[in-house]
Structure formats: structure tokens, C-alpha cells
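The values are calculated or read from the model by the stated rules, or taken from the named source; none is laboratory data. None of the values given here were measured: they were computed from a predicted structure. Quick reminder, even Gly has a Cβ in these numbers, built from the backbone with ideal geometry, and neighbours come from all protein chains shown.
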Amino acid sequence: MRTARLLVLALGLLASPALAQPEFFFGTGEAPVFREEAIDKRFLRTRLFQALDQGTADANCAQVVGAYLTLLGEVGTQFHKRDENFMLDPALVQALNTQLVTDRFPGNSYFVTMVRRVLIDKQLRPDWLKTAESLVPYYPAIDMARLRFLADGTKPVDSFLLTLPVLRERYKEEVQRVNSVAVSTAEALFRDNYLDHELAFSGLELVDVKLEKPKKKKLKKGEEPEPERMVARLIWTEPEPAPTATYEFQFGKPRKRERVEVVAILQDKQYVDLNKLLKGNTVLVRGRFWEYKKGLSSIELRDALLFQERDWARIGGLVEPMALASCPLAVNDLTGIAPAQPGAFGSKPR
């Protein structure tokens, strides 16, 4: 039986290896299967699990439970088929480890078991969704769109490792920089390797969402014209370089940051209210990587979903220190007295 180990991977650790191949991103075997183990059974008897299932009337515990449901929503849109890892924004990793972990409460272990519960059940428990809905007035950071997505079932992408910056790097490495011997087949090989995969791209700016008619084409006999479809147009802009320790003088105009246009043909069912999305909002889009223009200046996704993103580095706080200290469910009734558990954040898998 496979032992499922869930380790957080911060995006900053996902720099593309110079010789990475598609197998690095998509794996070579079948998707992992999550089975209930001893820690999962213990979790069912914890106070946190009971509060997730039944809600809480304690104002301090409402913050704690709300924080966990917020974290769960953030990871749930990017589970992937490659392996048992999952990804959480680095700012939220920091918040989890500093705001939800004490000597008496291994909050990161609880979060891992929450994620495991969802992956074992293959969906968010309906009772957890009801609890989240009841907590929104008291903990508005909960993203109900992401949790409703999870409640309809875990739908992993093929890989969260293949971000848009990494995809561009692979294109440069595998197509634009190849020598004359390989140039005739490089583009076709890249298409074979990367197209038609379910991917998720974060940090995109929303340009617009509207109904559009498909491009006109000559119809065959008996063929019906394609109906209008809801299309989101997005822009990814290369991040500004990180500041250096020494001041550098720069003459002339600053280097123009590269951009990628993303055309996302949306699914009929969206979890975010499209009417409330504003131009300029930062969003995550997940969908099937369907087509791209040469040079990867523009890409097209099909069957896409949009989710709003927040700048957690600026938001920072998940729970007030006194709220955690005063919440009666924030005690270690999961792991016992062991200081480190398999699968916990920062621990090494055995």
C-alpha cells in the first residue's frame, strides 16, 4: 500500500531545471491513490474535525476554523496528478507555521490531515462547506468559490509545476535555442509534449470577459455553426526583477517586460460570479492548454475556470495570536507528544 506523504512546495522552489523533460512535470506513472491510514482515523476524533463538521459558536475558534478553510480553498484548485505533493502560496506557508503552530498545537499537521481527508474522499465534505458558509460573516477571507469547486469533487490538473513562466522557459530551451539539426522538429515535438494538458496559471491580469462568436469557417454539409461562447482575455506580465543588495545605475529606457496574452474559453459553470470580476483583477485560470502562437506570445485554454487571487504577502494575517491561545479546540489531540510527524511541513519523508 502506498504511503501518501503530502509536502508543501513553495513556488520559489520550482525553478525549471536546465535539462527538464516532460516527465519531470507530468510524471511517468498513474496518479497517486490516497487511502485512509491511522492518522486519518485519529483526525476524525479531533476537536478540529468536529468543529469543521458541526461549526462553532466560539468567536476565537471561528477564526481558527475559518483560517483552515481558507488555506484549504487555496490549495484545492491546484491539486495535481503527478504525485502526492500539493502547493501553498509561500506567504501562507509562513502564516501557517507562525500563526497556527504552538507548543501545544501542531497546526501544520492538522492542515495536512485536512488535505488528506479531501483527497481520500475525493471531495470537500458537505458539512465543511456548510460550516464555511456559516463563518463567512465572521471570517470573510474564506473563498467560497474555491470551496464550492472542491465540493463538486477534486479535479487535479496534470501538473502544478508547469507554471506559465516555466512553460516559457521550456519553450526557449526546447524550441528557440536548439541547433540547426534539431530546429526542423523542435516545434512539433514541443506541441506533442505540452499541448492538451490540464494546467493552472496564476498571477494573470483580467482584461475582459464577454460573449464572443467563434471565428468564421466554411461549414460542411449539415454542420451547424458554433454557438457564442464566454471568453476571458488575460495578460501575464513578466515580474519585475528582485532588487539587488547594491544600487545599479541604469541608463536609457528600462527593459520592457515580456507579456503573454491568454485567451480562455470558459466552461458554462463558473464558481466565481463573472459579473463581479473587475478589469485589472488578478486571477488564477485553469483549463486545457489547447493552442499557442509561435513564440508563445499568446496561448489558448479550453474548458477554463477562473478564480480570484489575493496578494497574501500583503494581507499577512490568518488568525490573531490571542484567538488561537483562547480557542479550546487548538490542542494536540491528533499526533500525541511526538514533535514531528511524517508528512508535516518541514519534515523529511521516510
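Filter the stretch 319-350 down to residues that are polar (S, T, N, Q) and modelled with pLDDT under 85 and give me whichever is farthest from Asp40 (Cα to Cα).
Restricting attention to the stretch 319-350, the residues satisfying the condition of being polar (S, T, N, Q) are 326, 332, 335, 341, 347.
Those still in the list that are modelled with pLDDT under 85 too: 335, 341, 347.
Numbers: Thr335: 11, Gln341: 13, Ser347: 18 Å.
Of everything passing the filter in the stretch 319-350, Ser347 is farthest from Asp40 (Cα to Cα).
Surrounded by 11 or more Cβ atoms within 10 Å (Cβ to Cβ), modelled with pLDDT of 90 or more and more than 29 Å from Gln267 (Cβ to Cβ) - does that describe any residue in the stretch 205-228?
no
Determine if the stretch 31-45 includes at least one residue that is in contact (Cβ under 8 Å) with a residue 12 or more places away in the chain, closer than 12 Å to Trp128 by Cα, not charged (D, E, K, R) and not assigned by TED's automatic domain parsing to the domain that holds Ser202.
We begin by selecting, within the stretch 31-45, every residue in contact (Cβ under 8 Å) with a residue 12 or more places away in the chain; these are 31-37, 39-40, 42-43, 45.
From what's left, closer than 12 Å to Trp128 by Cα: none.
Within the stretch 31-45, not a single residue is in contact (Cβ under 8 Å) with a residue 12 or more places away in the chain, closer than 12 Å to Trp128 by Cα, not charged (D, E, K, R) and not assigned by TED's automatic domain parsing to the domain that holds Ser202.
Pairs, please: C-beta under 6 Å, at least 6 apart or cross-chain, first residue without any contact (Cβ under 8 Å) to a residue 12 or more places away in the chain and in the stretch 136-163, second surrounded by 16 or more Cβ atoms within 10 Å (Cβ to Cβ)?
Close Cβ pairs satisfying both conditions: Val136/Ile142.
Any idea how many residues of the stretch 181-204 are surrounded by 11 or more Cβ atoms within 10 Å (Cβ to Cβ), of a type in the set (Ser, Thr, Tyr) and either in a strand (DSSP E or B) or more than 25 Å from the chain's Cα centre (by Cα) (or both)?
Here the count works out to 2.
Conditions: (1) surrounded by 19 or more Cβ atoms within 10 Å (Cβ to Cβ); (2) modelled with pLDDT under 95; (3) of a type outside the set (Asp, Glu). Ile142 meets all but one. Number of the miss?
Going through (1) surrounded by 19 or more Cβ atoms within 10 Å (Cβ to Cβ); (2) modelled with pLDDT under 95; (3) of a type outside the set (Asp, Glu) one by one, Ile142 breaks only (2).
How about the stretch 273-318: which of its residues are closer than 14 Å to Asp143 by Cα, part of a loop (DSSP other than H, G, I, E, B) and either modelled with pLDDT under 95 or among the small types (Gly, Ala, Ser) (or both)?
Arg310, Asp311, Leu318
Could you say whether any residue in the stretch 160-180 is at pLDDT 95 or above, in a loop (DSSP other than H, G, I, E, B) and either surrounded by fewer than 14 Cβ atoms within 10 Å (Cβ to Cβ) or not hydroxyl-bearing (Ser, Thr, Tyr) (or both)?
no
Please verify whether the stretch 115-127 includes one or more residues that are assigned to a helix (DSSP H, G or I), touching a helix residue (DSSP H, G or I) at 6+ places or on another chain (Cβ under 6 Å), at pLDDT 95 or above and within 19 Å of Leu318 (Cα to Cα).
No, the stretch 115-127 contains no residue that is assigned to a helix (DSSP H, G or I), touching a helix residue (DSSP H, G or I) at 6+ places or on another chain (Cβ under 6 Å), at pLDDT 95 or above and within 19 Å of Leu318 (Cα to Cα).
Give Leu88, Leu69, Leu52 a once-over and let me know the one that is at pLDDT 90 or above, touching a strand residue (DSSP E or B) at 6+ places or on another chain (Cβ under 9 Å) and closer than 20 Å to Leu324 by Cβ. Lay out the reasoning, then the answer.
Numbers: Leu69 fails: touching a strand residue (DSSP E or B) at 6+ places or on another chain (Cβ under 9 Å); Leu52 fails: touching a strand residue (DSSP E or B) at 6+ places or on another chain (Cβ under 9 Å).
The conditions single out Leu88.
Restricting to the stretch 146-159, name every residue that is buried (at least 18 other Cβ atoms within 10 Å of the Cβ) and outside any loop (DSSP other than H, G, I, E, B).
Residues satisfying the conditions are Arg146, Leu147, Phe149, Leu150, Ala151, Val157.
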